[in-house]
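Here is the structure we will look at.
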Ligand SMILES: CC(C)(COP(=O)(O)OP(=O)(O)OC[C@H]1O[C@@H](n2cnc3c(N)ncnc32)[C@H](O)[C@@H]1OP(=O)(O)O)[C@@H](O)C(=O)NCCC(=O)NCCS
């Protein structure tokens, strides 16, 4: 029997503080109607803790769903573009927090494609017999690089974390095929230069290079074409057709991007997982958060063909075709959660408003 990595656990952490479209109407010249129509987003989470706090919560839920203890994990990959510091990696920080003492740990930066890159990396290591049980986490503190004076970007992104367990199986389920790639030449279409969310935003940084910038329409076109082509290549490698796919779990960048790409693939909305309305674009966290919502809402049946697909900064893209195993319910649950807070979303983004204000002194 072929050894593969099956998805045996899933979890997420959605911050309790939400920045709504009504909140954004107070900050920039926009409307709830415009945002919903052009993106599908109604609110997004703003984390009042650190990136690793969300990652830890998501990891505990995924471990519980798989019925595993942290020490059972032998590989921990953390996909993020908003690490707290550069070294030690966030993965090592998370390993220490969890007590995942037997895990190799490293960070992975493929922007919004990071979790799918990580899922493919983990699955390949498990299939090769190098590792047995991997925890892959996507976690992002994106509000930290948001210029809440810039309506082109600040409406789109949110914070969050998602996690999944990839465990060795000889039962025929697991990753059937994958496609991943990059186009560094197109990299300037999405950029932010700063690293290290643990330090205060204003500490020794230049507002001009600290905010996320992208060329919206260029990214939109790259994404629609790129997702459809990448999924086709992954399906070919898996030896299955688009008709065989039960559920696509795409990166939640923009509902219109997802719908256009799905249409190109001939996959109807009933076979596409969408949760962008509540979370916005959470970069590397978006696919595992959507996967968790899909599993928890009964969208996945035993033996289903599930396709994860993402594109992002770099430019990067990745798609992976999985056959789900026989179990679609969690073995156990965890009560891990971020601590409650009374702080508001507008309070949390106030430092960004102050920091980026000089870029808009002329009213731009
Ligand atoms: C950003 C995005 C939502 C813009 O949607 P769009 O339909 O392409 O809109 P356009 O860029 O054509 O802008 C149309 C108009 O709306 C305006 N606009 C932009 N943001 C606005 C907002 N939040 N509220 C109201 N109007 C807005 C623009 O200024 C433009 O006005 P103009 O015609 O007077 O110049 C869309 O391009 C997108 O999602 N791109 C992908 C971005 C992305 O996902 N990046 C990260 C990838 S991981």
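Since every read-out is calculated from the coordinates, none of them should be taken as a lab result. Every value quoted in this text rests on a predicted model; they were computed, and no experiment measured them. Glycine gets a Cβ as well: all are built from the backbone with ideal geometry, and neighbour counts include every protein chain shown.
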Please compute the modelled spin-label separation between residue 241 and residue 199, points set 7 Å along Cα→Cβ, answer in nm with one decimal. 5.6
Working from Cα positions, state the angle (0 to 90°, nearest 10) between the long axis of helix 51-66 and the longest principal axis of the chain. 20
Output the 0 to 90 degree angle, nearest 10, between the alpha-carbon long axis of helix 255-265 and the longest principal axis computed from the alpha carbons of the chain. 40
Contact order relative to length for the range 215-364, counting C-alpha pairs under 8 Å separated by 6 or more residues, stands in percent at 25
Under a plain spin-label model, where a point goes 7 Å from the Cα along Cα-to-Cβ, how far apart in nm are residue 128 and residue 106? 1.0
Please work out whether the range 45-95 counts as rounded, prolate or oblate from its C-alpha gyration tensor, where a ≥ b ≥ c are the square roots of the eigenvalues and a/c under 1.5 means rounded, while otherwise a/b larger than b/c means prolate and anything else oblate? oblate
Using the basic label-point model (7 angstrom from Cα toward the beta carbon), what is the residue 362 to residue 297 distance in nanometres? 4.5
Run the numbers for residue 186 and residue 85: contour at 0.36 nm per residue of separation, minus the present Cα-Cα distance, in nm. 33.7 nm
Neighbour-count order for 87, 112, fewest beta carbons within 10 angstrom listed first: 87, 112
Over the range 1-47, what relative contact order in percent results from Cα pairs under 8 Å that are six or more residues apart? 43
As a footprinting exposure proxy, order 157, 355, 166 by other Cβ within 10 Å, with the fewest listed first. 355, 157, 166
Can you give the FRET efficiency to the nearest 0.05 for residue 25 and residue 277, using r as the Cβ-Cβ distance and R₀ = 25 Å? 0.90
Quick one: P(r) of the range 142-194 from all Cα-Cα pairs, 5 Å bins, percents rounded to integers, in order of increasing distance. 4, 11, 14, 13, 15, 15, 11, 10, 6, 2, 0
Taking the Cβ of each residue in 251, 279 as the centre, tally the other Cβ atoms inside 10 Å and list the residues starting with the fewest. 279, 251
Rounded to the nearest 5, what % of the DSSP beta bridges within the chain are antiparallel ones? 70
Size of the chain as Cα extents on the principal axes (Å, biggest first): 66, 44, 36
Going by the alpha-carbon gyration tensor, a ≥ b ≥ c the square roots of its eigenvalues, is the range 74-173 rounded (a/c under 1.5) or, if a/c is not under 1.5, prolate (a/b greater than b/c) versus oblate? prolate
Could you tell me the calculated FRET efficiency between residue 334 and residue 36, based on Cβ-Cβ distance and R0 = 25 angstrom, to the nearest 0.05? 0.15
Sort 254-266, 20-32, 333-345, 133-145 for me by packing, meaning the mean count of neighbouring Cβ atoms within 10 Å per residue, highest on top. 133-145, 254-266, 20-32, 333-345
Mind pulling the angle between the C-alpha long axis of helix 216-238 and the longest principal axis of the chain? Nearest 10 degrees, somewhere in 0 to 90. 0
Below 8 Å between Cα atoms, with a sequence gap of 6+, how large is the relative contact order for the chain in percent? 27
